[in-house]
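Read the structure below first, then the notes.
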Amino acid sequence: MSGIVYLVGAGVGDPELMTLKAKRLLSEADVLIYDQLANRAMLNDVPADCEKIFVGKMSNNHTLTQDEINALIVEKAQTHQHVVRLKGGDPYVFGRGGEEGEVLREAGITFEVVPGITSAIGGLAYAGIPITHRDDASDFHVYTGHFKDDERSFDFETISRLTGTLVFLMGVKNIDKIMNGLIDHGKNPKTPVAIIRKASYPDQETWTGTLEELENMKNQYKIKPPCLIVVGDVVNRREDLNFFEEKPLFGKKVVVTRSRAQNSRLVEEIVKLGGDAIEVPAIKIHALEDTGLSEHIHKVGDYQYIVFTSENGVDVFFDCVEKLGYDGRHFHGVKFVTIGSGTANALRKYGIQADIVPERYVGEAVVEAMKPHLHSGDRILIPRSKEARPYLVKALSELAEVTEIQTYETKIDEDTEIERLKDVLADSKEVLLTFTSSSTVHNFLAVCQANGIDQGALAKTSIFSIGPITSQTLADNGLQVTGEAEEYTIDGLLSRIKTTL
């Protein structure tokens, strides 16, 4: 039996503008067939074993013709249950979704269409241009900027008489034809126009002018697809309504070097601030075996304090707690100490409130905060990373009996998208590197060295550190820190970036 094909609109570009249904279908896909105009970040929503097939256009070459794409969709539907055909914008707005649906019906394959936000509306909104406005335009008209048959053209005699907003999708190639055709048929040469490239992406670009300047704008700014062309008085509203390009990190590419499991929140916050989050996980967390942790959890009543120095340490510890069948009740009478609010929040996920959280998030502050509470004979358990600084254990051992367990280690993440990193470092003017621990520094530099990325390229970036220990590690490796978080948390790191730029 054949499966079902979903012709899904990816929306204008920003992944958060996808519909709930589109996001759910991506999470259920056996096969994903996607276009160039679908944001690559959306691929993170598909299952790990989903077959992903790119059929878009790059370097002016189609990877497959439309007929070949049609045949591919039919073929995959005959061998898989859930095939998602992800298309930029809306499948039926110049997206050839109608053609694909007809082919599927002819082949006897069930399909559904999931509408998406077309760039003709969403793209304008992200550039601060309302497609209609009570004072400027009560109607709008959307055209494809190029045709299947190059001999076809626009009906400029009719179009030039329209009073509403005109939007041309994919029109860069024919920009001179659009400009001259409208002017020659009576459109005012002074009519406001805008060209929007990569609408709703963090590197969106918008140029404004008048109709008679359209071709010069293309040549002067070397404008390349994908673009929208807007003609109409609504363009004048951009100065008051431009919200997206005014976000604090707009236009910035921010490299995130945390572990893959921890990237999500930092990435989400960067996106909210308008930045382009480049996920380059430098490390992955590997729980160590045969550490004796289980035995210490069984006998946790022997300890007065448990000290956590990282969120990873909390997660590894409580993974073991859950496997042993215990919960928070098992720790009655034990006090918990965390090195910072992020670690305290991680502990709270398991139903436990930290008893001691020092104001400064370093080992020295932990010792000072615990010192007034410790008594002779107190026992302290410290489950933490194999690479952790020795200071904390050494200092606390002078005040109480300390048991250290190395529960996990950080390793280089071999799955890093190194080619994307190379492109970003080579082509982008404003690149930010973020580091949240010394291990991310060491392993990120190891990844760079192994893949031929010169450290000189890193020196041209802005480098932000989560705290003094990480900053020192960067300095020891010849990298100058642009900004260091005052509060050694993700929020503190983001705050430092915003105030520095």
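The values are calculated or read from the model by the stated rules, or taken from the named source; none is laboratory data. A quick note: this is a predicted structure, and the numbers were derived from the prediction, not measured. Cβ placement follows ideal geometry from the backbone for every residue including glycine, while neighbour counts extend to all protein chains displayed.
Tabulated values for the structure
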| quantity | calculated |
| --- | --- |
| Criterion violated by Q66 - all others in (1) over 27 Å from E205 (Cβ atoms); (2) at pLDDT 95 or above satisfied | (2) |
| Matching entry among I278, I285 (being closer than 30 Å to E409 by Cβ and touching a Lys or Arg at 6+ places or on another chain (Cβ under 6 Å)) | I278 |
| The listed residue being touching a strand residue (DSSP E or B) at 6+ places or on another chain (Cβ under 6 Å) and part of a loop (DSSP other than H, G, I, E, B), out of A48, A38, A22 | A38 |
| Residue list for the stretch 161-190, filter: surrounded by 19 or more Cβ atoms within 10 Å (Cβ to Cβ) and either hydrophobic (A, V, I, L, M, F, W, C) or without any contact (Cβ under 8 Å) to a residue 60 or more places away in the chain (or both) | L166, V167, F168, L169, G171, V172, N174, I175, I178, M179, L182, K187 |
| Within the stretch 378-402, tally of residues that are closer than 17 Å to L288 by Cα, in contact with a helix residue (DSSP H, G or I) (Cβ under 7 Å, 6 or more places away or on another chain) and not in a strand (DSSP E or B) | 1 |
| Helices (runs of 4 or more DSSP H) contained entirely in the stretch 433-501, each with at least 1 residues that are of a type in the set (V, I, T) and under 25 Å from the mean Cα position of the chain (by Cα) | 438-450, 468-476, 490-500 |
| Residue within the stretch 52-71 that is in a strand (DSSP E or B) and either of a type in the set (V, I, T) or over 18 Å from G88 (Cβ atoms) (or both) present | yes |
| Condition check for V74: of a type in the set (A, V, I, L, M, F, W, C), surrounded by 21 or more Cβ atoms within 10 Å (Cβ to Cβ) and not assigned by TED's automatic domain parsing to the domain that holds N236 | no |
| The stretch 358-385, residues that are closer than 21 Å to R329 by Cα and not charged (D, E, K, R) | I380, L381, I382, P383 |
| I270 vs. criteria touching a helix residue (DSSP H, G or I) at 6+ places or on another chain (Cβ under 7 Å), among the aliphatic types (A, V, I, L, M) and at pLDDT 90 or above | no |
| Checklist (1) more than 30 Å from T403 (Cβ to Cβ); (2) touching a residue at least 24 places away in the same chain (Cβ under 8 Å); (3) outside any strand (DSSP E or B) applied to E268, failing item | (2) |
| Residue match in the stretch 333-356 (condition: buried (at least 16 other Cβ atoms within 10 Å of the Cβ), closer than 13 Å to P383 by Cβ and more than 35 Å from the chain's Cα centre (by Cα)) | yes |
| Out of I270, I278, I306, sole residue that is buried (at least 21 other Cβ atoms within 10 Å of the Cβ) and over 23 Å from A41 (Cα atoms) | I306 |
| Qualifying residue in the stretch 87-99 (condition: aromatic (F, W, Y) and part of a loop (DSSP other than H, G, I, E, B)) | yes |
| Scope the stretch 422-436; condition of a type in the set (S, T, Y) and either modelled with pLDDT of 90 or more or under 16 Å from Q480 (Cα atoms) (or both); matching residues | T434, T436 |
